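Taking it in order: structure first as structure tokens, then the write-up.
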Amino acid sequence: MQIRISIHGDQDIDFAECLNNLANIQQKRGNNKLAESLYLKVLNISSLTNDNEVHPHLYNNLAMFYIHTNQFAKAENVFIKAKQLYENHFGKLNRTYLSLLDNMAELYVKLNNPAEASKYFIKASKLRKRIIYDSFKYLSSTESEEFLNGFNSNIINFNTFLLQYKDVSG
């Protein structure tokens, strides 16, 4: 990282991406305080860059960190920001936006908010179907298999959520 800093400085988006990777590692190691500070520094650098690029995946990563550390209100706020960035700059028809919808559904499951969870599961399912229809013929067999496995996994998650909610609500 020192080489990257010496070449581009510490306000460069590539440096921020390196910090983001470091934050992911720290989170996996259980160093949550350090991971959070790194994620926040990444977002600060991202907001200062002059390259006119938007990096909503950085917000998504922080939101997922907040889910994993049970800071659900913070996760919701960060997800909403990421969702706005995706919609305003990249549109709704892409796999990363689909991942965001799945993550938001997961958040609302954890918040025991079935209405919101269902809304995002349904949006994700519709988008997944559209992406499959539009691009499946262009995917390699490995990509097709990975995509279908992800699709099946999210269907199982949704069904599990519905069964749990049904048991709780009577």
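The values are calculated or read from the model by the stated rules, or taken from the named source; none is laboratory data. Everything quoted here is computed from the prediction, not taken from an experiment. Heads up, the Cβs are rebuilt from the backbone with ideal geometry, glycines too, and the neighbour counts pull from every protein chain shown. Accessible surface is based on the protein model in full, side chains and every heavy atom, while ligands, DNA and RNA are left aside. Shrake-Rupley method; radii C 1.70, N 1.55, O 1.52, S 1.80 Å.
Contact order for the chain, expressed relative to its length and based on alpha carbon pairs under 8 Å spaced 6+ residues apart, stands at 13 percent. Hey, any idea what % of the chain's accessible area is carbon plus sulfur with a 1.4 Å probe? Whole-percent figure for carbon plus sulfur exposure: 52.
Can you give the Rg to Rh ratio for the chain, taking only C-alpha atoms and Rh from Kirkwood?
Rg/Rh: 1.01.
Axis angle, to the nearest 10 degrees, between helix 72-89 and the longest C-alpha principal axis of the chain: 80 degrees. The modelled label-to-label distance between ALA73 and ASN152, using points 7 Å beyond Cα along the C-beta direction, is 4.1 nm.
Computed over protein heavy atoms with a 1.4 Å probe, the accessible surface of the chain works out to 60 Å² per residue.
Think of the chain as a dipole: +1 on every Lys or Arg Cβ, -1 on every Asp or Glu Cβ, centred on the Cα centre; then among SER153, SER99, SER37, SER153 lies furthest on the positive end. Each of ASN77, ALA115, LEU139 was placed along the dipole of the chain (beta-carbon charges, centred on the mean Cα), and the one lying farthest toward the positive end is ALA115.
Between GLN2 and ILE122, the simple spin-label model (points 7 angstrom out along Cα→Cβ) gives 5.6 nm. Rounded to the nearest 10 degrees, the inclination of helix 32-48 to the longest alpha-carbon principal axis of the chain is 70 degrees.
With a cut-off of at most 16 other beta carbons within 10 Å, and DSSP calling the residue loop, which trypsin sites (Lys or Arg not before Pro) in the stretch 104-138 qualify? Please list them.
Loop-located and lightly packed - none at all.
Maximal additional length on extending the GLN164-LYS129 stretch stands at 10.1 nm, based on 0.36 nm per residue less the C-alpha distance. Modelled label positions at THR142 and LYS28, each set 7 Å beyond Cα in the direction of Cβ, lie 1.9 nm from each other. The Cβ shell under 14 Å around GLY150 holds other residues with a net charge of -2, Lys and Arg each +1, Asp and Glu each -1.
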